[in-house]
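Accompanying notes for the structure given below.
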Amino acid sequence: MKETHVVTCFLENKAKILFLCRSGQVGSYTQRWAGISGYIE
């Protein structure tokens, strides 16, 4: 199995945390709430 590295970031400002709803067009966890994520190259 190929290993993939990803990173997730949660932005906080004045006790508020930013969560984003993932698109229905992504390959995993569609339409779920998440932080800002991406692959590490």
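Rule-based calculations on the coordinates, nothing more; no lab input. Quantities reported herein were computed from a predicted structural model and do not represent experimental measurements. Cβ placement follows ideal geometry from the backbone for every residue including glycine, while neighbour counts extend to all protein chains displayed.
Here are the numbers for this structure:
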{"quantity": "Cβ crowding within 10 Å averaged over residues, with 20-33, 2-15 ranked highest first", "calculated": "20-33, 2-15"}
{"quantity": "Computed over the chain, Cα set: Rg, Dmax in Å", "calculated": "12.3, 41"}
